[in-house]
1. Counting only residues 5 or more places away or on other chains, whose amide H sits under 5 Å from the amide H of A:L121 once H atoms are built in the peptide plane?
2. Looking only at other chains, what is the average number of their beta-carbon atoms within 10 angstrom of each beta-carbon in B:122-135?
3. Report, in whole Å, the centroid distance computed from the Cα atoms of region B:74-89 and region A:205-227.
4. With a ≥ b ≥ c the root eigenvalues of the C-alpha gyration tensor of region A:212-268, is it rounded (a/c under 1.5), prolate (a/b larger than b/c) or oblate?
5. Can you tell me the order of A:233-240, A:257-264 when each peptide is scored by its average per-residue count of other Cβ atoms within 10 angstrom, highest first?
6. Name the residue farthest towards the positive end of the dipole of chain A from the options A:L260, A:H202, A:Y272, assuming +1 on Cβ of Lys and Arg, -1 on Cβ of Asp and Glu, about the Cα centre.
7. With equal scatterers on the alpha carbons only and no solvent term, can you work out the Debye log10 of I(q)/I(0) for chain B at 0.08, 0.21 1/Å?
8. Checking the table A:K10/A:K99; A:K99/B:K21; A:K162/B:K21; B:K40/B:K135; A:K57/B:K135 against a 31 Å threshold on Cα-Cα, which pairs fail?
Amino acid sequence: MTVPSDPTQKFAAYAHPSTLVSTEWLAEHHGDAGVVVVESDEDVLLYEVGHIEGSVKIDWHTDLNDKVNRDYIDGAAFAALMSSKGITRDSTVIIYGDKSNWWAAYALWVFTLFGHADVRLLDGGRTKWLAEGREITTIASPVIPSDYPVIPRNDAPIRAFKNDVLAHFGNPLIDVRSEEEYSGARTTMPAYPEEGALRGGHIPTAASVPWARAAATDSTFRTRSELDAIYRTEAGLADGDDVIAYCRIGERSSHTWFVLTHLLGFENVRNYDGSWTEWGNAVAVPIAVGTEPGAAPQR
Amino acid sequence: MSALPDSLTEIREDFLALEQKDRLLLLLEFANELPELPQKFQDHPDLLERVVECQSPVFIFVEVDTAGAFHLHATAPRESPTTRGFASILAQGLDGLTAEQVLAVADDYPQSIGLSEAVSPLRLRGMSAMLGRAKRQLRERLA
């Protein structure tokens, strides 16, 4: 029982075309057997304002993060979450969200930590769905709890920790934050509450490629050739590279992880979710400031 | 500890009386109740201060009227209901108080209304930032 891929021409040029669906395709297939549509937004209330009929909500703060440890939920909690959303191990999960799928990509990355096989993004996300005047509803979707097995989370292939980054120098790093955050110009503002990094700047050698460059103005992903120009030509990534992407807490870099892995076909991409809120507070790690990547530290 | 104004106490009690899921819906009600900016401020975007700690674009402006009553005006996009809800709680809870009363509101009021679990502590920081900036603007206005 496999839900067919969206044959949209644009997707055919991507490395894994089946990881995206178009709004047209979803409008036709959101009620199909085996399909579960998930909304995942930055704003925790947006789903309540209106969502695609039949979709369920997964919130990154309250559902995907462990409430005590700074970590993701474990296999048992993920299984319970999936069950409560009516998702089985065989479900085709289609995630959409606000802000060019920024949080949807984050949720997809977490699904991948648990090896959920068929998980796709709606190209253009919530913004495009609404811009096209497609229907949403405020009626909560009825869910029949499912059986979902307890699968141990497998971090190693796609998740980097601080020590992995320290051992990574010499390989490409991508900083997907804004240019001001990269240079270190933005961290403190006198007399204002501060978000929490003691130092500004970036991890030495990291290339600056703000995540949103991968999104077009209608929130869809840029075409294969546009993405190749950004990440291969400009940022210098090459086939076979071992890449780590990071941002502030690992959400924006999930979007870039998706682009590099599923749209451009890089096979060794990890997301450093500790990101700047860890690195910018860690003791004795190297930091570069200014607009240049900076040199790898001597070891 | 100074006494919390009645308006803010009532809001807190309303939230705490509800189950977690219903607290979100009450926050949505607040979001829907956030009034449009008065015309005089709509024509003066320069007066509005952006709350950069909130991920969505929210702008606030505080006013003390001729009778000495405080008003908080805020604007945030429809697609940011959580931020609108936070702004609306503060706008309603602080409206009509004296400057002294506003400055005496505990800085951790946002953490006390039972939304940490439903919304997450990180998001609640946006509301704390809004309160902090409102108080700072007010102090500047009084100086």
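1. A:L20, A:V21, A:I95
2. Numbers: counts 5, 6, 0, 3, 1, 0, 1, 4, 1, 1, 3, 3, 0, 0.
Mean shielding count: 2.
3. 29
4. Working: a/c = 1.74, a/b = 1.08, b/c = 1.62.
Since a/c reaches 1.5 but b/c is at least a/b, the shape of region A:212-268 is classed as oblate.
5. On the way: A:233-240: 11.8, A:257-264: 25.5.
Averaged packing, sorted descending, gives the order A:257-264, A:233-240.
6. Most positive-ward Cα: A:H202.
7. These q points yield log10 I(q)/I(0) values of -0.19, -1.42.
8. Working: A:K10/A:K99 21 Å; A:K99/B:K21 24 Å; A:K162/B:K21 36 Å; B:K40/B:K135 21 Å; A:K57/B:K135 35 Å.
A:K162/B:K21; A:K57/B:K135, as the Cα separations exceed 31 Å there.
The values are calculated or read from the model by the stated rules, or taken from the named source; none is laboratory data. Note that the coordinates shown come from a computational prediction; the quantities given were computed from them, not determined experimentally. Cβ: placed from backbone, ideal geometry, glycine included. Neighbour counts: every protein chain shown. The area values use the complete protein model at the heavy-atom level, side chains included, leaving out ligands, DNA and RNA. Shrake-Rupley method; radii C 1.70, N 1.55, O 1.52, S 1.80 Å.
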